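Enquirer: Please find one structure pasted underneath; my questions will follow.
Derivation of every value follows stated rules applied to the coordinates shown; laboratory data play no part. Computed from a predicted model, the values in this text were never measured in an experiment. Neighbour counts are summed over all protein chains in view; Cβ atoms, including those assigned to glycine, are modelled from backbone coordinates with ideal geometry.
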Amino acid sequence: MNKKGILIVVSGFSGAGKGTLIKELLRRYPKKYALSVSATTRKPREGEQEGREYFFKTQEEFEKMIAKEELIEYAGYVNHYYGTPRAYVEQKLEEGKDVILEIEIQGAMHVREKFPDAVLLFVTPPTASELQRRLVDRGTETPEVIASRLQRAAEEAEGMAQYDYLVVNDQLEACVEEMHHILQGEHRKSFRNHRFMEKVKEELQQLKGE
Ligand code: 5GP
């Protein structure tokens with residue numbers, strides 16, 4: 001069946017482990033999913049590579065991308081811009097892959113408005129103290145940034161109910177499979193299968209006429 005892919009938004013508190021989850025999902029099912037690489041004005045963290053984690057941009061470059069409408073959505077997050085480049089997403093959807101956007105809540109809400117068929121998942125750790133522990137253990141952020149991210153998490157918690165699915169990231173393996181099942185289930189929704197339904201109806205008409 002030659003079908004367009006689904007646009008998938010994955011949000012979750014900073015430190016919820018969504019990056020690890022998505023990486024594992026892509027590793028297990030490389031033919032089904034593609035990950036969009038965002039543009040950002042924040043500086044690379046140690047170990048991050050241009051074009052792999054992000055496309056790192058100056059504020060001026062980022063604003064040019066906005067002006068040229070090269071981004072599907074963008075948002076400000078803890079003093080920096082983050083946005084989703086359009087070309088890659090459109091190409092992969094056309095190829096029939098489900099494209100994952102790992103973005104924060106404002107961006108997620110813009111995607112929902114522009115692409116009502118997108119599926120929105122929110123990843124949360126089992127408890128809030130687990131979230132703090134993961135942020136501290138990561139060791140890449142200053143205490144001030146950790147505090148801003150926890151503050152932001154409290155704000156984002158208000159928006160969890162806007163998502164289609166909540167995924168509790170307790171045990172990685174189980175969580176990855178759960179996400180995969182949710183997304184495969186989405187492909188079975190009738191509104192995503194108009195062409196197939198039309199074909200079956202047509203065939204039935206023909207059989208009736210024979
Ligand atoms: P980090 O700095 O930890 O890599 O990302 C900070 C936040 O920005 C995360 O919640 C991440 O999901 C979000 N983010 C990353 N890329 C994008 C994007 O393209 N658009 C939006 N709206 N948020 C993004």
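Enquirer: Determine, for each peptide in 35-46, 105-116, the mean count of other beta carbons within 10 angstrom over its residues, then list the peptides with the highest first.
Expert: Listed from highest to lowest mean packing, they are 105-116, 35-46.
Enquirer: Just for the Cα atoms in region 63-183, what are the lengths along the principal axes, largest first, rounded to whole Å?
Expert: Principal extents (Cα only, largest first): 40, 37, 25 Å.
Enquirer: Applying a 10 Å radius around every beta-carbon, put 17-26, 150-159 in order of their mean neighbour count, most first.
Expert: The peptides rank, most packed first, as 17-26, 150-159.
Enquirer: Normalized C-alpha radius of gyration of the chain, against 2.2 N^0.38 Å?
Expert: Against the compact-globule rule of thumb, the ratio is 1.14.
Enquirer: In straight Cα distance, which lysines are under 19 Å from residue 68, not counting same-chain residues fewer than 8 positions off?
Expert: Straight-distance partners of residue 68: 57, 114.
Enquirer: Can you tell me the mean projection area, over all orientations, of the convex hull of region 116-210's alpha carbons? Units nm², please.
Expert: Across all orientations, region 116-210 yields a mean hull projection of 8.9 nm².
Enquirer: I'd like the distance between the alpha-carbon centres of region 146-165 and region 74-122, rounded to an integer number of Å.
Expert: 17
Enquirer: Moving on. Can you classify region 1-106 as rounded, prolate or oblate using the Cα gyration tensor, where a ≥ b ≥ c are the square roots of its eigenvalues, rounded means a/c under 1.5, and otherwise it's prolate if a/b beats b/c and oblate if not?
Expert: Oblate.
Enquirer: Run lengths n ≥ 4 of DSSP H only: what is the helix-derived mean residue ellipticity at 222 nm for the chain, with -39500 (n - 2.57) per run over all residues, to the nearest 500?
Expert: -14500 deg cm²/dmol
Enquirer: Specify which residue in the list 205, 108, 14 is farthest towards the positive end of the charge dipole of the chain, using unit charges on the beta carbon of Lys, Arg (+1) and Asp, Glu (-1), about the Cα centre.
Expert: Looking along the dipole axis, the top candidate is 205.
Enquirer: I'm checking a number: the convex hull volume of the Cα atoms of region 61-105, normalised per residue, in Å³. What is it?
Expert: It comes to 69 Å³ per residue, whole-number rounded.
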